[in-house]
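The values are calculated or read from the model by the stated rules, or taken from the named source; none is laboratory data. This is a predicted model, so every value here is computed, not measured. Neighbour counts run over all protein chains shown; Cβ positions are idealised from the backbone, glycine included. SASA here: full protein model, heavy atoms, side chains in, ligands and nucleic acids out. Shrake-Rupley method; radii C 1.70, N 1.55, O 1.52, S 1.80 Å.
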Amino acid sequence: MIVIDKLCYNSRLRYENASEKFAFAVITLCICVMSRSTAVAGIVLAVTGILTVWKGGVPVLRYLKFLTVPLAFLFLSTIAIMFNLKQVPMDFFAIPLGNWYLTASYHSFFYAVQLILTALSAVSCLYFLSFTTPMPDILEVLRKLHCPRLLIELMLLIYRFIFVLLDVASAISTSQNCRLGNKDYRTSLKSFGMLGSVLMIRAVQRSNRLYDAMEARCYDGTIRVLSENRPPRKRIIAAIVAFDTALFIFAVWRRFFS
Amino acid sequence: MSKNQKRILVLASAFALTFGIVPTVSAMHIMEGYLPGGFCIAWGVLCVPFLIAGFMSIKKTLNEHRNLVTLLAMSGAFVFVISSLKIPSVTGSCSHMTGTGLGAILFGPSAVSILGLIVLLFQAILLAHGGLTTIGANTFSMAIAGPFVSYGLYVVLKKANVDKKVCVFLAAFLGDLFTYCVTAVQMALAHHADTTFGAAVGKFLLVFAPTQVPLALIEGVITVLIIMGLETYAKPELRAIGYLKEGK
């Protein structure tokens with residue numbers, strides 16, 4: 001139902017140590033966001049892309065398709081950053097509209113290009129994490145980072161319930177489709193409203209029954225799950241440290257010395 | 001073709017490109033990597049007091065009624081699922097609702113701040129909406145600012161004896177619009193390359209308006225439909241949810 005969730009359970013990097021993957025993704029992401037340079041962004045995009053596709057075994061087309069998910073946002077906000085409505089034309093180009101100009105400067109053009117590249121490479125870091133690491137493993141890492149216990153427990157429960165509710169929702173919408181529930185715009189709005197309220201009712205009922213079931217099995221406030229993880233390997237840790245240090249030094253060099 | 005005709009052609013195609021290829025219109029999550037490091041941290045820090053308040057209130061409620069933990073989790077999952085379903089939209093592009101207005105009306109703003117944070121994290125990792133570095137900014141606009149406006153409006157309008165449908169609609173609609181304005185301000189603060197801050201806010205508002213304003217309207221209508229459905233069929237369940245609000 002959730003494509004990313006399916007992909008990450010089938011990834012070949014799934015059984016690598018979760019802390020390693022988490023550290024790699026987050027540190028690289030931070031360097032990438034902090035540096036704001038096109039060269040760093042290019043390197044990060046290439047490395048995480050290759051790792052996810054080649055090492056992780058995600059189909060290339062799928063991966064590229066996922067990279068286009070944020071495209072609408074990117075497109076609209078780039079327009080907002082690049083174009084200006086001014087009375088004086090700027091140096092990149094200018095389209096006159098009566099007394100005003102729809103215009104852009106070279107500065108804002110390069111700024112926008114750099115921003116698009118940075119954003120795409122940051123997204124590729126995020127994809128590396130979400131395409132290789134299932135949610136329970138990420139929660140295990142958060143637990144090691146001393147995230148509050150209540151929060152972790154809530155997240156684990158929510159993660160489980162998402163699939164339960166999605167199942168209910170898809171069943172309801174199938175039966176609505178069977179009964180011409182989406183025949184025109186008015187009915188489809190009404191159907192969606194009904195779907196929402198029934199979903200809420202089902203959720204409340206289920207949550208009561210679920211608590212009873214958990215109570216019957218000695219629930220005391222923590223849910224303990226077995227994590228199937230390989231122990232961290234020195235070779236991989238060394239590789240991550242080497243890559244991120246090199247990237248960091250390169251980013252600093254690009255920023256201050258060139 | 002004269003020069004003028006060419007110009008019109010260029011403008012028309014630019015317009016068509018802008019509004020033709022809009023694959024998914026989701027609520028305005030700021031994309032991963034779109035804000036500079038300093039802004040990510042600043043927005044994150046700004047969220048902390050609200051999150052701590054929300055966390056305390058949830059903890060207090062759960063200490064009193066231990067059995068509400070599953071209800072709370074179901075509510076979080078509900079917000080996630082509602083925001084991941086395609087809603088019927090006029091233009092045929094697929095759009096998603098925020099669900100935070102509905103959440104604020106049902107569960108109260110303090111619970112929604114924590115649930116919103118978790119839902120945003122899941123949306124980033126499972127649906128690729130939003131991101132890890134921008135989670136602070138997104139939490140502020142979608143899980144704190146919007147729900148507080150929605151809930152405040154809902155309470156005030158209910159006190160003023162406005163019709164329930166109108167008051168739910170206005171709460172959800174204006175909460176959504178407020179989220180969109182806050183996001184525009186956040187983006188403009190970070191990126192105003194060669195204009196003033198005010199002009200940048202205007203530009204972001206203008207560019208996102210064609211997608212966000214209809215979305216807010218639809219979200220308002222759907223929220224009314226859902227609440228009305230619940231009022232009709234689920235009085236006891238609503239009473240159970242009412243407990244979540246008490247721990248403010």
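Data table
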| quantity | calculated |
| --- | --- |
| Of all residues in the range A:29-46 being among the hydroxyl-bearing types (Ser, Thr, Tyr) and out of contact with any Leu (no Cβ under 7 Å at 6 or more places or on another chain), the one that is nearest to the other protein chains (Cβ to nearest Cβ) | A:SER35 |
| Residue within the range A:7-14 that is farther than 28 Å from A:ARG143 by Cβ and either open to solvent by less than 40 Å² (accessible area, probe 1.4 Å) or more than 9 Å from every other protein chain (Cβ to nearest Cβ) (or both) present | no |
| Selected residue (criterion: farthest from A:ALA18 (Cα to Cα)) from residues of the range A:83-111 that are in a helix (DSSP H, G or I) and facing chain B (nearest Cβ under 8 Å) | A:HIS107 |
| So A:LEU151, is it more than 7 Å from chain B (Cβ to nearest Cβ), surrounded by 17 or more Cβ atoms within 10 Å (Cβ to Cβ) and not hydroxyl-bearing (Ser, Thr, Tyr) | yes |
| Neighbours by Cβ (under 8 Å, 6+ apart or cross-chain): first from the range A:214-225, closer than 20 Å to A:TYR159 by Cβ; second assigned to a loop (DSSP other than H, G, I, E, B) | A:GLY221/B:ARG66 |
| Subset of the range A:53-82 (residues that are more than 8 Å from every other protein chain (Cβ to nearest Cβ), more than 17 Å from the chain's Cα centre (by Cα) and open to solvent by 60 Å² or more (accessible area, probe 1.4 Å)) | A:TRP54, A:LYS55, A:PRO59, A:VAL60, A:LEU61 |
| Condition met for A:LEU120 (of a type in the set (A, V, I, L, M), closer than 22 Å to B:PRO36 by Cα and facing chain B (nearest Cβ under 9 Å)) | yes |
| Residue check, B:VAL201 within 11 Å of chain A (Cβ to nearest Cβ) and in contact with a Cys (Cβ under 9 Å, 6 or more places away or on another chain) | yes |
| So A:PHE92, is it open to solvent by 60 Å² or more (accessible area, probe 1.4 Å) and more than 30 Å from A:ALA239 (Cβ to Cβ) | yes |
| Lone qualifier among A:LEU199, A:LEU189 - being open to solvent by less than 10 Å² (accessible area, probe 1.4 Å), at pLDDT below 90 and facing chain B (nearest Cβ under 7 Å) | A:LEU199 |
| Residue among A:TYR127, A:TYR106 that is closer than 30 Å to A:TYR159 by Cβ, out of contact with any strand residue (DSSP E or B) (no Cβ under 6 Å at 6 or more places or on another chain) and not small (Gly, Ala, Ser) | A:TYR127 |
| Hey, B:THR232 among the hydroxyl-bearing types (Ser, Thr, Tyr), more than 20 Å from B:ALA111 (Cα to Cα) and surrounded by 16 or more Cβ atoms within 10 Å (Cβ to Cβ) or not | no |
| Subset of the range A:38-52 (residues that are surrounded by 14 or more Cβ atoms within 10 Å (Cβ to Cβ) and either among the hydrophobic types (A, V, I, L, M, F, W, C) or in contact with a Phe, Trp or Tyr (Cβ under 6 Å, 6 or more places away or on another chain) (or both)) | A:ALA39, A:VAL40, A:ALA41, A:ILE43, A:VAL44, A:LEU45, A:VAL47, A:THR48, A:LEU51, A:THR52 |
| Residue in the range B:42-65 that is over 17 Å from A:GLY221 (Cβ atoms) and in contact with a strand residue (DSSP E or B) (Cβ under 7 Å, 6 or more places away or on another chain) present | no |
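Condition check ((1) closer than 26 Å to B:LEU225 by Cβ; (2) open to solvent by less than 10 Å² (accessible area, probe 1.4 Å)) across all residues:
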position	(1), (2)
B:GLY101	yes, yes
B:LEU132	no, no
B:PHE140	no, no
B:GLY146	yes, yes
B:TYR151	yes, no
